[in-house]
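Written below as structure tokens is the structure these notes are about.
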Amino acid sequence: MARARVLIWAVCALRLALATVYFQEEFLDGERWRNRWVQSTNDSQFGHFRVSSGKFYGHKEKDKGLQTTQNGRFYAISARFKPFSNKGKTLVIQYTVKHEQKMDCGGGYIKIFPADLDQKNLNGKSQYYIMFGPDICGFDIKKVHVILHFKNQYHSNKKSIRCKVDGFTHLYALVLRPDLSYEVKVDGQAIESGSIEYDWNLTSFRKMEESAPESKDWNQAKDAKAQDWEQHFLDASASKPSDWNSELDGDWQASLLQKPPYQGGLKPEGIDKDIWLHRKMKNTNYLTQYDLSEFENIGAIGLELWQVRSGTIFDNFLITDDEEYAENFAKATWGETKGPEREMDAIQAKEEVKKAREEDEELLAGKFHMRESHFNRYYRRDEL
């Protein structure tokens, strides 16, 4: 048993060594967080943050996070880290948010910024790469935003992803993978997933690709080939000569063979018009040219949002390239305190009910005493 535990810890340590953690924040060192986080001074009316675990919590120290403190305010604060590119890598963005004030209208999302972010002037117009997290306002807006920046435009996930609306701490995670797949997780469970190609509107990018100069050349060639289709087809059995030099001779292509005659509209065996698709597939590289999930200069994380009622707590920020590390980090933080947090809330609720009942009883007892005193005075006065 002891040997098995050692082996497990060794595997975990190896996994930790392989993971790249770009940013991690738990607010466990008192007021030193102010050395890492920069409050924007772009607007003197921006709301202020404090570090607090709130009115109820699972662990007083572990549950401390950035809390909004003023009603009806915009907020803007950020932290910088060593810039990196996620090209060819998985990107995991994870954090916890707690609306203990029972959010009626306001944001609980975070933003990922380029490294050249002017932190002192952070505001609603500051360019960001990714906006992710819950947004609540009235009965209509209760969604998880997933917005990605590309070509000076912001593009939203076209699916409706619902967020949590209670007053407890919840874990939000976004996973973007090099194969253009993604996942949105809430409390460790995938609530939405799919392909960036389909869940973000790439129609405009496809049109851009088709209208590019190189695409026009291909379209002209394709039209010429289509006209020639009735007479010829590619020699599928041919192979590139061993002495062919692509740099000197260009891309090798099989020769065209004369199409055999046929009658009655029957297509000769072995000839398929789809052989022309290999040229088209070479050019449909908008998935890599216009990759929404890759960012070259990630360097800051921040909160830039509006809240009608303050009290939201943001904690356990993590940016990494390793999904397993993110899951383990979640278990060691939110996973350890989520249960005790609900227990403390339940205890407080019972105490509040008990206190309200005692106050009502005292009020009723006071009214009864006043009536009795009034009756006694009236009775004695009648006797006199």
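The values are calculated or read from the model by the stated rules, or taken from the named source; none is laboratory data. Computed from a predicted structure; not experimentally measured. Here the Cβ positions follow ideal geometry from the backbone for every residue, glycine too, while neighbour counts run over all protein chains shown. Heads up: the accessible areas ignore ligands, DNA and RNA and are worked out on the full protein's heavy atoms, side chains in. Shrake-Rupley method; radii C 1.70, N 1.55, O 1.52, S 1.80 Å.
Any idea how many residues of segment 49-61 are part of a loop (DSSP other than H, G, I, E, B) and in contact with a strand residue (DSSP E or B) (Cβ under 7 Å, 6 or more places away or on another chain)? Can you show your working first?
Within segment 49-61, the first condition is being part of a loop (DSSP other than H, G, I, E, B), and the residues that meet it are 53-61.
In the following step, the residues that additionally are in contact with a strand residue (DSSP E or B) (Cβ under 7 Å, 6 or more places away or on another chain) were identified as 54.
Number satisfying all stated conditions: 1.
Which residues, counting only those in segment 28-48, are open to solvent by 100 Å² or more (accessible area, probe 1.4 Å), in a helix (DSSP H, G or I) and touching a residue at least 12 places away in the same chain (Cβ under 8 Å)?
Passing the criteria: only 31.
Hey, residue 138 hits all of (1) within 15 Å of residue 196 (Cβ to Cβ); (2) of a type outside the set (Lys, Arg); (3) open to solvent by 30 Å² or more (accessible area, probe 1.4 Å) but one; which does it fall short on?
Against the list (1) within 15 Å of residue 196 (Cβ to Cβ); (2) of a type outside the set (Lys, Arg); (3) open to solvent by 30 Å² or more (accessible area, probe 1.4 Å), residue 138 comes up short only on (1).
Those residues that are surrounded by fewer than 21 Cβ atoms within 10 Å (Cβ to Cβ) and part of a loop (DSSP other than H, G, I, E, B), I need them from segment 118-127; list them, please.
Quick first cut of segment 118-127, residues surrounded by fewer than 21 Cβ atoms within 10 Å (Cβ to Cβ) only: 118-121, 123-127.
Result: 118, 123, 124, 125, 126, 127.
Please go through segment 62-113 and pick out each residue that is within 20 Å of the chain's Cα centre (by Cα), among the small types (Gly, Ala, Ser), surrounded by fewer than 24 Cβ atoms within 10 Å (Cβ to Cβ) and not in a strand (DSSP E or B).
Within segment 62-113, 85, 88 qualify.
Any idea which of (1) over 53 Å from the mean Cα position of the chain (by Cα); (2) modelled with pLDDT of 65 or more is the one residue 373 doesn't satisfy?
(2) is the only condition that residue 373 fails.
Filter the strands (runs of 3 or more DSSP E) completely within segment 137-192 down to those with at least 2 residues that are touching a residue at least 40 places away in the same chain (Cβ under 8 Å) and under 16 Å from residue 323 (Cβ atoms).
Numbers: elements: 141-150, 153-156, 169-176, 181-186.
The qualifying strands (runs of 3 or more DSSP E) are 169-176, 181-186.
Is it the case that segment 154-174 has a residue that's within 19 Å of residue 93 (Cβ to Cβ), aromatic (Phe, Trp, Tyr) and out of contact with any Asp or Glu (no Cβ under 9 Å at 6 or more places or on another chain)?
Yes.
Being open to solvent by 10 Å² or more (accessible area, probe 1.4 Å) and outside any helix (DSSP H, G or I) is the filter here, so list the residues in segment 317-332 that pass it.
321, 322, listed by residue number.
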